1. Roughly speaking, what is the stretch gain from B:Ser197 to B:Ser175, that is 0.36 nm per residue apart minus the C-alpha to C-alpha distance, in nm to one decimal?
2. For Cα pairs less than 8 Å apart in space and 6+ apart in sequence, what is the mean separation divided by the residue count of chain B, i.e. the relative contact order in percent?
3. From other protein chains only, count the Cβ atoms within 10 Å of every residue's Cβ in A:283-295, then give the mean.
4. Peptide B:79-87: average number of partner chain Cβ atoms within 10 Å per residue?
5. Residue by residue through segment A:362-376, what is 3J(HN,Hα) from phi via Karplus (6.51 cos²θ - 1.76 cosθ + 1.60, θ = phi - 60°)? Round to whole Hz and write x for glycine and proline.
6. What is the dipole size for segment A:2-206, taken about its Cα centre, with +1 at each Lys and Arg Cβ and -1 at each Asp and Glu Cβ, in debye to the nearest 20?
7. Rounded if a/c is under 1.5, else prolate if a/b is larger than b/c, else oblate: which is segment A:159-269, with a ≥ b ≥ c the root eigenvalues of its Cα gyration tensor?
8. Provide the packing ranking of B:146-159, A:110-123, i.e. peptides ordered by the mean count of other C-beta atoms within 10 Å per residue, highest first.
Amino acid sequence: MLELFAFVGLPYAAILICIVGTVWRFRNDQYGISSLSSQFLEGRKLLWGSAPWHIGILIIFLGHFVAFLLPGIWQRLMAVPLLLALAEMTGFASTVLCLLGLTVLFYRRLTTARLQKSTNIGDFIVTALLLVQVGLGLMVAGGYRWGASWSTGTLTPYVWSLISFSPDVSVIRDMPIVIQAHVVGAWLILLVLPFTRLIHMVSVPLQYLFRSPQKVVWNNPRRNNQAVAARVTQESRRHFLKAAFGLSAAGLLLSVGVLDKLGRFFQMPGLHHDEEANLLETRLRRLQLTAEEKELELERLRSDHIYVAKLAELNNTVGKYFIDYSMRPGLAFRAEDGWPMLLSAKCTHLGCTVGNQVDASGRILCPCHVSYFDIKTGMPNDGAPAKAPLDRIAWVLRDEQGTEVATESPRGSRTGRLDPAVADGYSLYIVRSLSAEA
Amino acid sequence: MKQPLVSTLFDFIASRIPLHKLDVRHMITEKEVPVHRMSWGYYVGGLALFFFIIQVFTGMMLLFYYEPTVSEAHESVEYITHFVTMGALIRNLHAWSASFMIFCVIAHMLSALAMKAFAKPREITWIAGVLLLLITFGFGFTGYLLPWNQIAVNATKVGLASIDQMGQYLPAALSHLAEDVRVTIQGAPAIGQATLSRFFALHVVILPLMVFGVIGLHVLSVQLHGMSPGIEDKPRRKDKFFPIFILKDFKEWGIAFLVLFILSLCLPFDSLFPYPLLEPYNALGSTPDGIKPEWYFYFVYYPMELLPFWIIIVVMTLATLGLFAAPWIFKGTSHKTMRWIASAIAAYMIIMTLFGENIYHAIKG
């Protein structure tokens, strides 16, 4: 019995009263058909309450109406998972907007004295009804997900059965109490509509969207200047807000993309086993190279003789690099006459390391600024950036028993002699005592 | 009556740093930016600042992975480039943004010169700006070494060796002084770990601290004095600094970031060098071909290759001193002449940067 009243009696009564009441109000209280705007009494909170509420509720309204009026099309759209998810998300977001807006509006009514003078009991009933209704809607949406899809098979037939005057409560009878309450709430709102400020729904000033703009022109020059100044301020504020909004939106998009990249920079790179091994191997090799370099350095600090090469390994076409006592590169050659020649490989121009390939005219090249150095004398070519010759490096030759056979000082004066028959077995050294002399 | 020196000095500082204008009204709400055909010059300084901010952030990020030792530096850079997620992007951002920043700093300097922006009471702004220019070159020089690859170390070697060159012009008793200076900068007779540690410390701690201080002074005095008029005549129009100019500034920043980001995603900075130059530095091998400094040093590098060294020293010293003293040297110069001078310098820089190598080869064969 209660069911029949709630889902058949109440709806018909509500629709009837709504129609009759609206007509009655149009005839008797035409100037009262408005939302009873209180913008003049309080404007700031109104903006933050009214705008979200109206945006939210219009979107939700639209969703409900499409589902009720075009169930076929709606059903087919909602069969696409992406669209269904999109519809649900939009619905949720709009509901939250509505609740926020309503809360602000409610709070505003409660806390602004001058508003309370123009507030009647009807306003509180409407606000409470709407709050409950939106809250119930949110509970339905949260508790019984995908309502956008299931409503077309349950609630839509119920609404249509009412419209076609063959009421059928069989579906709605077994529905959860929250959904039933939401339906009853809808009829109650319809019922009170003609007698409250909700009547403004039927008098939306749509013509405002299309009428030509009105401009207030002041005859009084002072007022006119004030108006112009005010408009300029407003324009520049609008300009700034628009630009600031555009920039922050762009900035937001940008930072989402950029932060995504930056965030991942700090994550541990997930390396493959082999990659990790290769990486470690390279690193180890580099460490070994550094260690070898340090050893060379230590050797030069500790020992009086440094081995360069066997005389047999040297020739006059490709120089052999070695490191001298000051840890700088040197080049070892063997001249045609069989004697070794040691030159510093540090270019006398700007200190680059000279190449070791001897060209046809017996010269080596510093590639940095193209200076050719004669390997016999160390002299640079004419017009080369380098002006000074490469330093000679002193050496000592020893035979296989380790006895000193010959030496050369940094100035190029030789002692000893070279026996061509056994010279190939001689070893070449640089000597600290001779280097220090230089 | 002649004023005492101290009070003259205080008067000078008080009029150059008008702290009584240190409030929102003077510095933001009432500040105006003239609109004229040189107005673009007002944006390049902001862009330089923007690229510097990018440098600070990407630099800090690179610090998470970079290891400043001779054995690890190159490997850690390789690791960032090839293994760290988005590591290549961050490194490219740092490298490209460095070049853009230096470009903007130079353009900013030239446009300020052309607009005679150093004129009284903006001398301190200008001097801080010249300091920033030098620090920026310092950043470039020290940062170039950090990847520890062939081109990095060898180019640094060449750059530092030019200090040695100065020794030949000093009296015999002092001729070792130049080498002492170089060794002190290097921290060792040859470039090695000591040099890397020093350059690293300079690049990530000392120079940034200096920049923060000097930028603070620079930007503060720009805000205190407002934009320089830039041209002789009254500008036709003025934009409010806030909100109009600052929004335009941010718009430029947005575009700059887009260009930088796309470039960094698509084109590795390294791709401008042949590979052998990017191998780890080999202390024992010979110097590879094609060692040269970054493009922003070409304007002094190629002349150095072509002319006797003493000319370079004299010209560079005079140029640097001239920059610092510009507010006094060009006190009476007209805006028009300043534009000519700035254009001539710009033309020289552009020609040397773009065609320096061709000129070098044409002359040296």
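1. 5.2 nm
2. Values: 369 pairs, mean separation 106.4, N = 365.
Taking the mean separation of contacting Cα pairs over the length of chain B, I get 29 percent.
3. Values: counts 7, 2, 3, 9, 4, 1, 6, 7, 1, 1, 6, 3, 0.
Partner-chain Cβ atoms within 10 Å, mean over residues of A:283-295: 4.
4. Mean shielding by partner chains, rounded to a whole number: 5.
5. Couplings: x, 10, 10, 10, 8, x, 4, 10, 6, 10, 9, 10, 6, 6, 6 Hz.
6. 640 debye
7. oblate
8. Output ranking for B:146-159, A:110-123: B:146-159, A:110-123.
Read-outs throughout are calculated quantities, based only on the coordinates presented, and are distinct from any laboratory measurement. Remember, it's a predicted structure, so these values are computed and weren't measured experimentally. All Cβ positions, glycine included, derive from the backbone under ideal geometry; neighbour counts span all protein chains shown.
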